[in-house]
1. Take the stretch 62-88 and flag every residue that is open to solvent by 60 Å² or more (accessible area, probe 1.4 Å), modelled with pLDDT under 95 and closer than 26 Å to residue 106 by Cβ.
2. When you scan the stretch 33-49, do you find a residue that is surrounded by 24 or more Cβ atoms within 10 Å (Cβ to Cβ), outside any helix (DSSP H, G or I) and in contact with a strand residue (DSSP E or B) (Cβ under 7 Å, 6 or more places away or on another chain), even just one?
3. Just to verify a result, which residue in the stretch 89-134, among those that are outside any helix (DSSP H, G or I) and closer than 15 Å to residue 11 by Cα, is most open to solvent (accessible area, probe 1.4 Å)?
Amino acid sequence: MSESENRELDALQAALAAEHAAVYGYGVVGGRIGEERRSAARTAYDAHRARRDALAREVRDLGGKPVAAAAGYALPFTVPDSAAALRLAAELEDRVAGVYSDLVRAAEGDRRATAAGALREAAVRAVRWRGGSVAFPGLAERADSPSTPDAASGSASDATSGSASGPASGSVRGAASGTASGPGQDTASAQAAPTA
């Protein structure tokens, strides 16, 4: 496999890991969000599940083994109510957009176009949740984030880090990085997550 194919596979794996975390995160969002926004949360949840499944197929097509979802993910903050659920949904979309921007850089042809479409969709959903936009979706949230270890090593990383290697497993905090839920994390919210 060439170096560019390896970069593309790493970016696909990072996007897949971020989608695993987004699916989990939307389970929490759906359990806390107000009735008036529940349909939008369900639509986003379904969109992320579809992207996750498509990415797993693409990884297999390139000869890779798709990164598995973690058993649980650490949330970036507690989600006790609808307002926090809205913030979490916007945060999930921002972080997914960041990982798709890496995939746009690493991919070519149809895969690049698909990644750009996923980036656009995440940015639009973030605007809907937040009620406002950022100048450069997928890039703006990276300004405050340090670089992190490579996903291929199995270590935690932040999907907003700017590296194509991206997250491996465990935390909605980095859209898919960190460790599985444990003490001190929002386990009550985690119980609201549906199984996929």
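The values are calculated or read from the model by the stated rules, or taken from the named source; none is laboratory data. What you are looking at is a predicted structure, and each value in this text was computed from that prediction instead of being measured. Quick reminder, even Gly has a Cβ in these numbers, built from the backbone with ideal geometry, and neighbours come from all protein chains shown. These accessible areas exclude ligands, DNA and RNA; they are computed on the full protein's heavy atoms, side chains included. Shrake-Rupley method; radii C 1.70, N 1.55, O 1.52, S 1.80 Å.
1. Passing the criteria: only 63.
2. No.
3. First, pick out the residues of the stretch 89-134 that are outside any helix (DSSP H, G or I): 107-108, 131-134.
Subsequent filtering for residues that are closer than 15 Å to residue 11 by Cα retains 107-108.
Numbers: 107: 0, 108: 131 Å².
Residue satisfying both the conditions and the ranking: 108.
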